[in-house]
Structure formats: C-alpha cells, structure tokens
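Below you'll find the structure, written out as structure tokens, and then a few comments.
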Amino acid sequence: MNYIIPFAKKYRFDDNGSFRFIEKVLKSYSNIKPVKSKNGTRTVGKDIKLLFKTIDITMPKDNRFVYFIDKSKTIAVPGNVISNFTLAYDKIIHGTFLDLYKEAEGTDDYGNEAKCVFDGINCLVKRIIKSLEDSEIKEEIKKKRIDDFSRILNYRAKHFDEALQRILFFNQLLWQTRHRLNGLGRLDKILYSLYLSDINNKYMTKDDASEMIGDFLRQLSCYSEYKSDALMGDIGQIIILGGLNTDGSYFCNELTFMFLKEQAALKKPDPKTLLRVSDKMPQQLLETAIECLLAKTGSPLFSNDDVVIPALMDFGISVEDAYDYCTSACWEPFIVGKSLDQNNIAVFDFFSAFDELLNNQTEFKTFDELLNKYIEYNNKSFSVFLQNINKIQWSKDPIVSMFTDSCNEKRVDISDGGSIYNNYGITTVALSNVVDSLLNINELVFESKKYSLNDLNKARQSNFKDNKNIYDLLKSTKKYGRDDKQAIYLTDIITAAISEIAKNYRNKYGGTVKFGLSSPGYNMVCKHSPADFSGRKFGDPYNTHISCMNAGYTEVVNFASQINYKNQRFNGNVVDFFLAPQFILNNKEKFVIFMRGAIKVGFFQMQMNLMDSHTLIDAKEHPEKYNGLIVRVWGFSAYFNDLPSDYKDLLIERAIAAEKTA
Amino acid sequence: MTEKEKKRLVRITNIQRFCLNDGPGIRTTVFFKGCSIHCPWCSNPENMLYKIQPYFSDSEAAGNYGYDITLERLKSELKKDLPFYIDGGGITLSGGEPLIQFPEYMPLLKQLKSDGISIAIETSLFAEPDTVKTALYYIDCWYIDMKSLIPQICKNILGGDMELYLNNLSLVSKNTESLCLRIPCAHSIADTPENLDFVIKTIKRLGIKNIEIFKIHNLSEKKYKSLRLPLPDRKYISDDAVAAVANALTSNNIPFKIIKI
C-alpha cells in the first residue's frame, strides 16, 4: 500500500489533521490499483509494459492534443520513484525514442527492462492510433495526430505541434508511472528550430503557434488534483525560459515571449514558468515577464544566471551543463538528461540544534562562545541528518534511465547511479529565526545586558506566557533580510560550517549533497517546534524563504545578494516578496528599473505574490467569491481556496506586512 | 569630504529607501528635521522643529523623533541602493525644510555629485537666497511647493515671507530646467480666487511647465497624537479645492498632473 502515499500526500496538511490523511490514503487505495505482471519475477519494466497495455485511453474533447492519464491504474514498485526532475525531451524531438532504445537494448537485465518499456510504449502508441481512428475528433486534427503518433517513436519531429504532442505523450507516461513533480525543461530552446521552419514554410502562422502553446498548457493543467504532491497545486510542471549562452550572450526568442503570454492567459496555477534572467537580457523581455506577473498566476519565478551559473561551475558542473541548467519542480538547479539529482529529499531545520543547546546550557561568557557552541551543535545535527538521508532507496527506473546520459553506455539504471551527476539536494528552514535569535540575544544579554540568557530562555520555554514585554521586544527586531553586516556574517558563518560537512558527505553513488535557504518546509517542520528568540511562538511558521517582513524591497535584495551561495549552498535560494498589484500597475516602469537593479546587485532567485491583504482577507471569509484566486505558496502556485487555513493566515499576515513597508 | 566634514552631524528623522514618488527612478529619501514654516495640514509634523522630540505611545514615552547622523554614515546609507539608481534615480532631500541644514551637508552632496548620483529636493523655498544659489550647483531636480501666494496668509498661517519665496522661485526657475511645481490644494488657502490669480500669473511669468497638484490628506493623525499635538484642522481638506485649482489651470491652458501623495 506504500505506493499509494504519494497520491494522498497532499491531504496530509488538511486542517483536519492526520486522521483525514489515513482516510484519504485508503480512499486513494480503493481508487488506484497496481498493475502487476504475472510472467516470472516481477520487474518495473514488466509492470510498465502491462500497465501501458491495459490503461484506458481518453480522447481529447476540446483540445488539439491527445493527453490523458488513467487515474485508476499505476505500477507498484518497491522504493521511492525518482521524481522532482525533468525528462530530456529534446532527445525524442531532435532524436527518436527508437534511438534511445537501440542504445539501451541488450540481453542483460538493463536491456531486458528497456525492451519491456519499449514494447509497452509501442503497444500504447498503436492503441492510441486505433482510438484516434475510431474517434469523432475533427478530421483535420485527427489526421495530424494519427500522423504524429505513427511517427512518435521512430522519426524525429518535423513540426512544432508534433513536438508539443510528443512532449505531452512522454509527460503523461511519467505521471502514469508514479513519477511526481515532472518539469518540462527549456521549451523555448528545444522547440525553436521547428517553430522557425514551420513559420518559414508557412505550415503555421505565429498566431497558430500561440494557440498551440495555449492548448499544450491547457492539457498539462488537467488532472491537477491527481498530480498535486504535498499540497493542492504542488505539481511542479515548470517550463524554463531564456538564459545565458556559454559565450556570455543572452538567449531568448519569440517562443520565450509566447510562453510568458500564454502562461498569463491560461490563468492557472500550473504549469508554471521560470525565467532565467541576467544583466544582459533585453529589457523588453523583463517587461513581458512583469506583465505575466500581473496576471497573478505566481509565474514567472526569476532565476539569476549571473549568480546561479558561477555557483554551479564552482560545484564542479561542466561549463556547458551549468549554462544549460533547468530546475527541479521549484527552484533547485537541475541538469536535465544527465542527473539523478534528487534535490528535495528532506528538510533540515537550523533551529532544532539551537533549541537543544539552549535546553542544555544558558551560561556563556561571551556571544562568540554561544555562537561557536551553536555551530558545533548544528554541525552535529546536520551530520546525523545526512546519515538518515542515506537510507533512502530508489526504485528501478528503466524509462528515465533510457533518457539519461551515460546510463545506457554503462548499462546501469539511474537508481543505481548510472547518470553523470548523482547528488542529493536538501532544503533548509529556520536559519532566519536562528540568526535573529542570536542577534537578539547578543543585544539584550551581551550588549545592553537587559536580561540574562536564562531569563530569556525561560520566557521562551513558557512560550512567552506572562512575558509580553520580552516577546514584543524580540519580535520587533528583525535583521535577517536587511542590509545588516552582522546578519550577513552570521548567515554565512553558519552555512559555511555545514557546507564543509556537505562537501565531504558521500551518498551511495559517490555524490555529495547541496542545500539552499528556501524550502517548502517553513510551514510544516515548525508545527512541533518550540518558540525561539526571533519572536516566533510554539508551532508558528518559520520565516518564508529569504524574506523580511520589516524591510523594503531593495534592502531584502541587497541582503540576498551579499550571502555566499558557493560551496554547496546553491540548492534554491529564493527571495520571496509580496506586492500589491496596484503598486506595480501604478509604477510599472519603476518596477522594471527595480528588477534590473536587483539582477545587477545579484539576488539568486526571486518570486512574487501579487496580492493585497484586503483581497486575501475577503477570500478567506467568502471563498465562494474567489474560485479563481491564485497565490504563490512555496515554489508553486495554488488556488487560495484549496489551501489549509494556516497557510491562508500566513499569506494574509505577509501581505499586510508588505503593504506597511511599501 | 575632509576627515572633519565626515564627522559633521546633521539632524534627520528618517532615511527611506525604495521611494517611487520623490523624483525620477528609484530613490532614497532623507528627511531633515526642522522647517522654516508651519503649515497647519503638515503630514510630517515630526519634522517641523529642529529639536529632538519624544514620541508617546499610549501614556509612555516610546522613543524620539530625530537623531544626529554623521555625514560619513549618511553617505553610506544613501549609497546602499546605488545599483537601483539607474534611469535617473538617486537621492531626494526632504523634510522639514532640507535647505535649512544645507550648508552643513553640502560636502556630502559634493561627494555624491562627483559619484554621479542624481540629487532631488522637495522644498518650500523659504530659505536663505545664498543657500538656494549654492544649492543650484548640486540639485538636479527641484520639487517646489507653492502653498499660498497671498502675503498675509503666507505670514499669518504658514509663517513665511512671500517676497523671499518669490525671489527664490524666480532664481531657481531661471537657472534650471528641471523644476516641478507642486500645489497642495488646501481649502481656503490654495483655492481662493485671489490666490489662484497670483498662481496663474506667477506660473506664466516664470514659464514653469511642470506642475503637479494634490489633495491635502489628513494622513498623520497618529503622528500628531504621538507628539501630543492638537490634531490639524480638517477644514483644509476638500475635493472641491482640487477641482478649483484644476479648473483654474485648465482654463488658462496650463498643463498639470493630479498626483497622490
């Protein structure tokens, strides 16, 4: 039954708690049946073959593309299915699946598994063609799609719409086989040559292309509940746009603009876009991206190539790969077609060591003694944490292996370390709370000597009951996220200490571990976490990514730009802003200037919620009026109405704070 | 700046970054303490007096309005957002009346200017003519209030010398292209026919092209309370005053913008 958990994970954070979760797991279990092969020993490949032979096929009703998932069947293989990644779709557009199969075929286990996958997919393709022939789809579209599917495995794509159909097909295979959080890659780059030749040959017009992209995105937005992972809307179908070329010039084309425009027109939380930005990008593209933000889907997320790429190269990723980076479902840099890298396998909590230390000891002669002791505790906590992630087992994955460089040559499945990059990535929470705690202690205990650490700690342990003065004092001082040298120093020294441990860590493939300062865990891990000295009470959310409720936009950007992201510290570092839409509408030109400045200063990544508190408060009270309201949650967007109430409250609180600082 | 100048102190209440309404581009605005006039509708009453004033929350004194800062420190604060000062952005001097302390912080402006940073000022121009003359070298954009041109009102209600203002305005308008005249539309002050007549004549005489008008808001009740000052008279707030000023400008073919402050 374990295989069903991913399908029900999204209900874990319901207001009603874990009981409902189990109920949902059972319900999902009754709805989704595993397909189990019967001939000889079961393998993933055999199960996949049977699955593709038996899934129900659904023909499109009001869309030019075929795209379906049979929600009632999947495979049930032991171990965790590799997820949170992007398939190398370029390999089956500018090459063929048959080529990949030929590389993989052989008489060994690896070859046998590949054969099962190929046979299964081949069978499904034939069934789809038959269904198309029997369908009542418009003749013109039917003919095109039959042609597309006849060529889908053995020939390179020759048209733009054919390529889109092909991506959709392989994408649905991933969802069908339990892969979660499936990204889409650099589609403006992958599709451009076909787009150009179709335009030049008058196979289609630019408007046709736009409509095709619209249809493509609409199909991907289907099955959103089935696809959602840790919360409704956490789907991870990220499209990467723009980016620096290895020669230092900036890449973008008409498709970059088209995808942003269609993203805005779609008005759905997912699929979503990430725009790779740079000081060298054209201003017009930045303006289009800001227009897209104004459509309030939470997209695009901005990833700053001028900072991200050097960090990737510093880690040892080749120049060519670093310049071609995509991300895992949210923001963790990921090298498509060459990596196992599982970039969000666990959440590390910087506060747990702080809590442990303060529970053991409150006598310190100097602030430095306290800081050093915390770093010592935290390093230990991090080492134990890494031992636990080594226990994770991955299930065999013949489909993804065939698409991943070096697996076929080595004849080693990706789950056994067949790919080029085999690292783990983790996300972290509460560094902000620890840094603010340390700075508050420094001020109140060691500088002004207003309180003893023991007094402060007692107040903290009582959750500030009867200590309103202390609580207010702690809460009013927030330095993480500001232009504050001490806050930057503490951030860097704490992360530097664990980065050394991360660097020396080896997973079972010989890969190492990366971490970042933004995490989906800020409102999950905190639930059982005691109060801290940043003015956070028991169970309250940790600070959201890199943000500061008391600081203005330029100040947060300046802070984020001074943090050191090298040395393993690049696994997603997102500045998270709230902005009232009216604020941008009234100041669009100046907002473009702000973004240009921010890119130059050097933030790592940035995302924005364009929402005013008034709307959110009203939406919480009258959900029926706000069925289409989309908000950015962590690295994804979701319908506000689908969120548990603690998330709604946090978003409202942050929107109010943003309006005060603007 | 010389070592001595770096240590020189000026008195301010706030340094506000990411200001979008205080001049071109993105700006950092510094609010100087002390004003040469006292408009009854002032939205920054904490900046009227030069002396540092306590502010009260409930019954307790909770802190002070105003602090002294060295020019060296002020410079580093103003330069923090330097990368955002593109497309004409920079710093804005506001207050209070920023020209009062001008001689004190002039060395800083000299330095900022040589660093290529745009400097704007929001002033009511009730200041020493020599200061205004010197300021012309450093200030790139002038935002000048035109509150009332009736000498008695200027003297009795605002506490300013009309002649001084008009001479300064004439001096600035002759010496810079970058001048924006801002008219706070206070009822019974700005919108009287007599004042409007003077306003139109002055604008035409000096050939001022860039004009912004705005409604007086009672934005700062909280600040008045925290200073334990009586609340400003609401009689100055009126939509009709904005309409009257707008009509007068329109009928004289003087282009203007209505802004929100």
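Taken together, the values in this text are just the output of simple stated rules run on the coordinates, not laboratory data. What you see is a predicted model, and the numbers here were worked out from it, not measured in a lab. Note: ideal-geometry Cβ built from the backbone for every residue, glycine included; neighbour counts use all protein chains shown.
Table for the structure above
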item: FRET efficiency, residue A:387 to residue A:567 (Cβ-Cβ, R0 25 Å, nearest 0.05); result: 0.75
item: Which of A:105, A:162, A:500 has the fewest Cβ neighbours within 10 Å, and the rest in rising order; result: A:500, A:105, A:162
item: Virtual spin-label span in nm between residue A:496 and residue B:171, 7 Å along Cα→Cβ; result: 5.3 nm
item: Mean residue ellipticity (222 nm) of chain B, computed from DSSP H runs ≥ 4 via -39,500 (n - 2.57), nearest 500; result: -9500 deg cm²/dmol
item: Segment A:433-528: trypsin sites (Lys or Arg not before Pro) falling in loop per DSSP and having at most 10 other Cβ within 10 Å; result: A:449
item: Under the Karplus curve 6.51 cos²θ - 1.76 cosθ + 1.60, θ = phi - 60°, whole-Hz ³J(HN,Hα) for segment A:334-341, x wherever Gly or Pro sits; result: 9, 9, 5, x, 9, 10, 7, 2
item: Point-charge dipole on Cβ atoms (K/R +1, D/E -1) for the protein assembly as shown, about Cα centre, debye to 20; result: 1020 debye
item: Within-13-Å neighbourhood charge of residue A:299 [Cβ basis; K, R +1; D, E -1]; result: +3
item: DSSP-loop GluC sites (Glu not before Pro) across segment A:311-416, with at most 15 other Cβ within 10 angstrom; result: A:363
item: Simple Cβ-charge dipole of segment B:177-222, Lys/Arg +1 and Asp/Glu -1, about Cα centre, in debye nearest 20; result: 140 debye
item: Residue exposure sequence - B:234, A:218, A:632 - by fewest surrounding Cβ within 10 Å; result: B:234, A:218, A:632
item: Lysine pairs within segment A:182-285, Cα separation less than 29 Å, 8 or more sequence positions apart or different chains; result: 21
item: Residue A:447/residue B:9 FRET efficiency (R0 22 Å; Cβ-Cβ; nearest 0.05); result: 0.40
item: Alpha-carbon centroid distance for the pair segment B:66-143 / segment A:169-193, whole angstrom; result: 54 Å
item: Separation of alpha-carbon centers, segment B:180-231 and segment A:377-433, rounded to whole Å; result: 65 Å
item: Cα gyration tensor shape for chain B, rounded if a/c is under 1.5, else prolate or oblate; result: oblate
item: Ranked A:427, B:13, A:362, criterion: other C-beta atoms within 10 Å, fewest first; result: A:362, B:13, A:427
item: Per-residue ³J(HN,Hα) for segment A:97-110, Karplus 6.51 cos²θ - 1.76 cosθ + 1.60, θ = phi - 60°, Hz, x for Gly and Pro; result: 5, 4, 4, 4, 5, 4, 5, 8, 5, x, 8, 7, 4, 4
item: Mean separation of Cα contacts under 8 Å, 6 or more apart, over the residue count of chain A: relative contact order %; result: 14 percent
item: Average beta carbon contacts from partner chains per residue of A:249-259, 10 Å cutoff; result: 0
item: Point-to-point label distance, residue A:41-residue A:454, nm (Cα→Cβ direction, 7 Å offset); result: 6.5 nm
item: Shape call, segment B:58-174: gyration tensor on alpha carbons, a/c limit 1.5; result: oblate
item: Net charge of neighbours whose Cβ lies under 9 Å from the Cβ of residue A:600, counting Lys and Arg as +1 and Asp and Glu as -1; result: -1
item: Sequence-separation-based contact order of segment B:3-259, relative, with Cα cut under 8 Å and 6+ spacing, percent; result: 18 percent
item: Total formal charge among the other residues, if their Cβ is under 15 angstrom from that of residue A:512, Lys/Arg +1 and Asp/Glu -1; result: +2
item: Segment B:3-259 - charge dipole about Cα centre, Lys and Arg +1 at Cβ, Asp and Glu -1, debye rounded to 20; result: 320 debye
item: Cα gyration tensor shape for segment A:436-593, rounded if a/c is under 1.5, else prolate or oblate; result: oblate
item: Relative contact order [Cα under 8 Å, 6+ residues apart], segment B:130-235, whole percent; result: 27 percent
item: Karplus-derived HN-Hα couplings along segment A:393-402 (A = 6.51, B = -1.76, C = 1.60, θ = phi - 60°), whole Hz, x at Gly and Pro; result: 10, 9, 7, 4, 9, x, 5, 5, 4, 4
item: Shielding by partners, peptide B:82-93 (average Cβ within 10 angstrom, other chains); result: 4
